[in-house]
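The structure appears below as structure tokens.
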Amino acid sequence: MTGTDRNYPYKTSCARIIGRSHLHSDLPCQDYVAARAQRDFACVALADGAGSKTHSEHGARAVVKATMRVLSNRFEELWTLAEKCPGDASGELLQCCLGALERQAKELQCQMSDLASTLLFVAHSKGRYLAGHLGDGCIFHQQEDGQIVVLSHPENGEYANTTFFVTDVSAQSRLRLYRGNCAMGSGFAVMSDGTAESLYRRSDKSPASGVRQILNWNRAMKAFEMRQVLSGNLERSFAVKSADDCSIGVLSL
């Protein structure tokens, strides 16, 4: 079979936990992550709400759901557009997100800037992937030969604790798109900056060994077991290294 006519058995999982700093301040978890797998398509998407914004947890949820929806409905169109004109593809994706944020802002009677969040996603269909990243956090890619590489590095602002958001005027130019071909044996992991504190080595900008373990677990475990393992690691391991909310989404072929 060719890459476009074979069936891919996808496995996806995701988890998030509230950070210590938010627990102490009685604030909600501002990370949101979701995963979807169906015939010929799978996707994981994650958003980290801006800590300084009053309703960013609602913005993160709206952005993730809008991204999942547009990628599921328009993957072929966006895949082609991302090659011919990446800026237009970024614009299409962001317009869907901003439309969802506008509706959310009206419902909450707030400014759209109050809903600010980052955005990370990976979608796969028929042997091809399309990934996008705006802000901090990072995306890892396990290639068919087993090697794990950083597909997209964190992008911070002028200071280490600042970054860029979907609601920024510069969002379209900041949204980095990646496309390529990958088949059985491949995998992806998207994560917020809280989780990246444990899985992204800033010293040499490389994946920590835990990334491979997580992707191996995702292939071997049943869905409900994997969710428990991810949540347990977020609570017992990753949250120890970061006071921030922690979230992660994984997709394996």
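Remarks
- Answer from GLY91, GLY87 - the residue that is open to solvent by less than 60 Å² (accessible area, probe 1.4 Å) and either more than 18 Å from PHE165 (Cβ to Cβ) or touching a Gly at 6+ places or on another chain (Cβ under 7 Å) (or both): GLY87
- Extreme residue, farthest from LEU134 (Cα to Cα), among residues of the range 187-205 that are surrounded by fewer than 16 Cβ atoms within 10 Å (Cβ to Cβ) and either of a type outside the set (Ser, Thr, Tyr) or within 18 Å of the chain's Cα centre (by Cα) (or both): ASP204
- Residue check for LYS11: touching a Lys or Arg at 6+ places or on another chain (Cβ under 9 Å) and open to solvent by 50 Å² or more (accessible area, probe 1.4 Å): yes
- Residue count for the range 49-71, restricted to those that are farther than 17 Å from ASP244 by Cα and polar (S, T, N, Q): 1
- With respect to the stated conditions, ALA239 fails to be free of Cβ contacts under 8 Å to residues at least 12 places away in the same chain, out of contact with any Gly (no Cβ under 6 Å at 6 or more places or on another chain) and surrounded by 14 or more Cβ atoms within 10 Å (Cβ to Cβ).
- A search for C-beta distances below 6 Å between a residue of the range 196-223 that is free of Cβ contacts under 8 Å to residues at least 24 places away in the same chain and any residue that is open to solvent by 90 Å² or more (accessible area, probe 1.4 Å), counting only pairs 6+ apart in sequence or on different chains, returns ALA208/ARG201.
Residue-wise test of (1) open to solvent by 40 Å² or more (accessible area, probe 1.4 Å); (2) assigned to a loop (DSSP other than H, G, I, E, B); (3) touching a strand residue (DSSP E or B) at 6+ places or on another chain (Cβ under 7 Å).
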{"site": "HIS133", "(1), (2), (3)": "no, no, yes"}
{"site": "ASP145", "(1), (2), (3)": "yes, yes, no"}
{"site": "VAL166", "(1), (2), (3)": "no, yes, yes"}
{"site": "GLY185", "(1), (2), (3)": "no, yes, no"}
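- Selection count where residues are modelled with pLDDT of 95 or more and either among the hydroxyl-bearing types (Ser, Thr, Tyr) or open to solvent by 10 Å² or more (accessible area, probe 1.4 Å) (or both), scope the range 113-126: 5
- Residue within the range 44-56 that is of a type in the set (D, E, K, R), at pLDDT 95 or above and in contact with a Leu (Cβ under 7 Å, 6 or more places away or on another chain) present: no
The values are calculated or read from the model by the stated rules, or taken from the named source; none is laboratory data. These numbers come from a predicted model, not from an experiment. As a convention, Cβ positions derive from the backbone with ideal geometry for all residues, glycine included, and neighbour counts pool all protein chains shown. Only protein heavy atoms, including side chains, enter the accessible area calculation; ligands, DNA and RNA are left aside. Shrake-Rupley method; radii C 1.70, N 1.55, O 1.52, S 1.80 Å.
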